[in-house]
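Engineer: I have a structure I would like to understand better, so I am pasting it below and will then ask my questions one at a time.
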Amino acid sequence: MFSYNKFLAHPIRIKNPNPRLANIVITQYGGPSGELGASLRYLSQRYTMPDDVTKGLLTDIGNAEYI
Amino acid sequence: MSRAELLNQIQSYGFAAYDMLLYLDTHPKDKKAFSMFKQLVEKTNKLRKEYEKEHGPLTPFSAANFDSFMWLDSPWPWEKEANV
């Protein structure tokens with residue numbers, strides 16, 4: 001299970017907002033072949049892994065997409 | 001350290017620790033790597049404690065360590081004020 005840390009991975013200071021670019025970025029993350037989908041696949045498929053290394057690895061990689 | 005500097009340190013050491021974690025997942029017997037992992041995690045935790053003392057909770061349950069419920073307090077991480 002997961003826990004939320006109330007800080008970003010690194011600071012963000014947008015000097016020139018660009019909604020079209022923002023749209024591209026968020027689509028990369030949440031859209032088809034995006035990291036969000038990949039994360040859920042990692043977290044779902046770890047249950048069928050045969051050993052501790054692969055269970056741990058898929059867990060930690062899946063987790064990384066939320067950092 | 002200022003709030004921003006402290007937060008930057010937490011972000012840096014936390015990132016390094018996480019990277020070391022991923023390496024250890026595929027090299028669990030690497031003693032040197034594990035020792036570095038321990039150092040990085042210890043440093044991150046120390047910095048987090050220091051940050052929380054000055055600026056409030058970083059996780060919902062650590063809100064229990066204060067005299068009032070500060071979890072909802074501004075700023076939230078994606079807001080301008082949190083990014084100095």
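Engineer: Can you spot the lysines whose alpha carbon is less than 28 Å from B:Lys43's alpha carbon? Ignore those fewer than 8 places along the same chain.
Structural biologist: Output for B:Lys43: A:Lys6, A:Lys55, B:Lys29, B:Lys31, B:Lys32, B:Lys53, B:Lys80.
Engineer: Using only Cα atoms, find the angle between the long axis of helix B:31-55 and the longest principal axis of chain B, and express it within 0 to 90 degrees, rounded to the nearest 10.
Structural biologist: Tilt of helix B:31-55: around 10 degrees.
Engineer: To continue, here is another question. Ignoring ligands, DNA and RNA, what percent of the accessible area of chain B is carbon or sulfur (1.4 Å)? Walk me through the numbers on the way to the answer.
Structural biologist: Values: 3370 of 5910 Å².
Ligands and nucleic acids excluded, carbon and sulfur reach 57 percent.
Engineer: Determine the order of B:Lys80, A:Lys6 by accessible area, beginning with the largest, at a probe radius of 1.4 Å.
Structural biologist: I get B:Lys80, A:Lys6, largest accessible area first.
Engineer: Further question on the same structure: Using just the helices of chain B, give the 222 nm mean residue ellipticity in deg cm²/dmol: DSSP H runs with n ≥ 4 each add -39,500 (n - 2.57), and the total is spread over all residues, rounded to 500.
Structural biologist: My calculation for chain B gives -20500 deg cm²/dmol from helical runs alone.
Engineer: Counting partner chain Cβ atoms within 10 Å of every residue's Cβ in A:7-16, what's the average? If you can, show how the numbers build up before the last one.
Structural biologist: Details: counts 11, 6, 5, 6, 8, 6, 3, 2, 0, 0.
So the per-residue partner count for this stretch is 5.
Engineer: A follow-up question, please. Determine Rg/Rh for the protein assembly as shown; Rg is computed over alpha-carbon atoms and Rh is the Kirkwood hydrodynamic estimate from the same atoms. Please report the intermediate quantities before stating the final value.
Structural biologist: On the way: Rg = 17.7 Å, Rh = 17.7 Å.
Rounded to two decimals, Rg/Rh equals 1.00.
Engineer: Rounded to the nearest 500, what is the 222 nm mean residue ellipticity of chain A from helices alone, with -39500 (n - 2.57) per DSSP H run of 4+ residues and division by all residues?
Structural biologist: -16500 deg cm²/dmol
Engineer: If you don't mind, there's one more thing I want to ask. How large is the accessible surface of B:Glu50 in square angstrom, using a 1.4 angstrom probe and rounding to the nearest 10?
Structural biologist: Taking all protein chains as shown, B:Glu50 has close to 80 Å².
Engineer: Any chance you could look up the accessible area of B:Phe69 with a 1.4 Å probe, heavy atoms only, rounded to 10 Å²?
Structural biologist: The accessible area of B:Phe69 comes to roughly 130 Å².
Engineer: Roughly how tilted is helix B:3-26, in degrees to the nearest 10 and between 0 and 90, from the longest Cα axis of chain B?
Structural biologist: Relative to chain B, helix B:3-26 is tipped by roughly 30 degrees.
Engineer: Under the definition of partner shielding as Cβ atoms of other protein chains within 10 Å of a residue Cβ, what is the mean value for peptide B:20-26?
Structural biologist: Mean shielding count: 4.
Engineer: Lys and Arg at +1, Asp and Glu at -1: add these up for the other residues within a Cβ distance under 14 Å of A:Gly56 and post the number.
Structural biologist: Details: positive: A:Arg46, A:Lys55, B:Lys29; negative: A:Asp51, A:Asp52, A:Asp60, B:Asp25.
Residues near A:Gly56 contribute -1 overall.
Engineer: I would also like to ask the following. How much solvent-accessible surface does B:Met36 expose, in Å² to the nearest 10, with a 1.4 Å probe and all protein chains in place?
Structural biologist: Only protein atoms counted, so the area is about 90 Å².
Engineer: If you place +1 on the Cβ of every Lys and Arg, -1 on the Cβ of every Asp and Glu, and leave all else neutral, what size is the dipole of the protein assembly as shown about its Cα centre, to the nearest 20 Debye?
Structural biologist: Using Cβ point charges on Lys, Arg, Asp and Glu, the protein assembly as shown gives about 240 debye.
Engineer: Another question about this same structure. Region B:1-32 to region B:37-76: how many Å between their Cα centroids?
Structural biologist: Using only Cα atoms to place each centre, the spacing works out to 17 Å.
Engineer: Go ahead and set up a Gaussian network model of chain A, Cα springs under 10 Å, then flag whichever of A:Leu40, A:Leu57, A:Leu21 fluctuates most.
Structural biologist: The residue that fluctuates most here is A:Leu21.
Engineer: Just add up the charged neighbours of A:Tyr66: K/R +1, D/E -1, any other residue whose Cβ is under 12 Å from the Cβ of A:Tyr66.
Structural biologist: -3
Engineer: Let me ask something else about it. Against the 2.2 N^0.38 Å scaling, with N counting residues, where does chain A land? I'd like the Cα-based Rg ratio to two decimal places.
Structural biologist: Relative to the 2.2 N^0.38 Å estimate, chain A comes out at 1.39.
Engineer: While we're on this one: Evaluated at 25 °C with a viscosity of 0.890 mPa s, what Stokes-Einstein diffusion coefficient in µm²/s does region B:17-84 have when Rh comes from the Kirkwood expression over alpha-carbon pairs?
Structural biologist: The Stokes-Einstein estimate is 173 µm²/s.
The values are calculated or read from the model by the stated rules, or taken from the named source; none is laboratory data. Bear in mind that the values here come from a model prediction, so they are computed numbers and not experimental data. As a convention, Cβ positions derive from the backbone with ideal geometry for all residues, glycine included, and neighbour counts pool all protein chains shown. Heavy atoms of the whole protein, side chains included, go into the accessibility calculation; ligands, DNA and RNA do not. Shrake-Rupley method; radii C 1.70, N 1.55, O 1.52, S 1.80 Å.
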